[in-house]
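The values are calculated or read from the model by the stated rules, or taken from the named source; none is laboratory data. Bear in mind the structure is a predicted one, so any value in this text is a computation, not a measurement. No Cβ is skipped: glycine too gets one built from the backbone with ideal geometry, and neighbour counts run over all protein chains shown.
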Amino acid sequence: MKTKLKLINYLLVLGVIISTSTFLNDLLYFYNNEKTIFKLKGVFTNNPVLSPCFLGMLGFIIFLIWFNLKIKKENNYLKHFYWALIGANIFGWYNVALEFLNYYAKKDYNSCAGNLIKTPYLSPCLFGSITFLMLLFITKNIKKNVRS
């Protein structure tokens, strides 16, 4: 069980690193185009604060803090953590589905982030959703073993 808890922690740290670097990269791209980070309307590219990537980053940060403060110490919070991960998966996979629909419906593809990418298979939303899915399966496995 300790190995699985360490794996959850590593995956959360990885999620924070990837999502934060993606958000900061998008913020820098937005700033270079708009010369401000506070403009929300009438912009060439979407402000990254309004993107699903920003919410994904906040989710990974909150999960990491929550996991290290509560779940590693008391297993009774694991059920709530599991349900929150289900919500994160619904959010993440919904955004991935939208990206794939936009990609196959249109020829000019723009990801949920500000930067253009060539394919949704390289989307940060896809990587974040896969990470959330792995966390969900590991948490479900731990939860099942704790209950038994």
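Numbers for the structure displayed
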{"quantity": "Among (1) in contact with a helix residue (DSSP H, G or I) (Cβ under 7 Å, 6 or more places away or on another chain); (2) surrounded by fewer than 19 Cβ atoms within 10 Å (Cβ to Cβ) - the single one G42 does not satisfy", "calculated": "(1)"}
{"quantity": "Any hit, the range 34-49, residues being among the hydroxyl-bearing types (S, T, Y), free of Cβ contacts under 8 Å to residues at least 60 places away in the same chain and part of a helix (DSSP H, G or I)", "calculated": "no"}
{"quantity": "Enumeration of residues in the range 3-30 that are farther than 14 Å from N46 by Cβ, under 11 Å from the mean Cα position of the chain (by Cα) and β-branched (V, I, T)", "calculated": "V16, I17, I18, T20"}
{"quantity": "Selected residue (criterion: surrounded by the most Cβ atoms within 10 Å (Cβ to Cβ)) from residues of the range 14-28 that are within 30 Å of F38 (Cβ to Cβ) and among the hydrophobic types (A, V, I, L, M, F, W, C)", "calculated": "F23"}
{"quantity": "The range 72-88: number of residues that are under 18 Å from V146 (Cα atoms) and free of Cβ contacts under 8 Å to residues at least 12 places away in the same chain", "calculated": "6"}
{"quantity": "Residue in the range 115-124 that is of a type in the set (K, R), modelled with pLDDT of 70 or more, within 25 Å of S21 (Cα to Cα) and loosely packed, with under 15 Cβ neighbours inside 10 Å present", "calculated": "yes"}
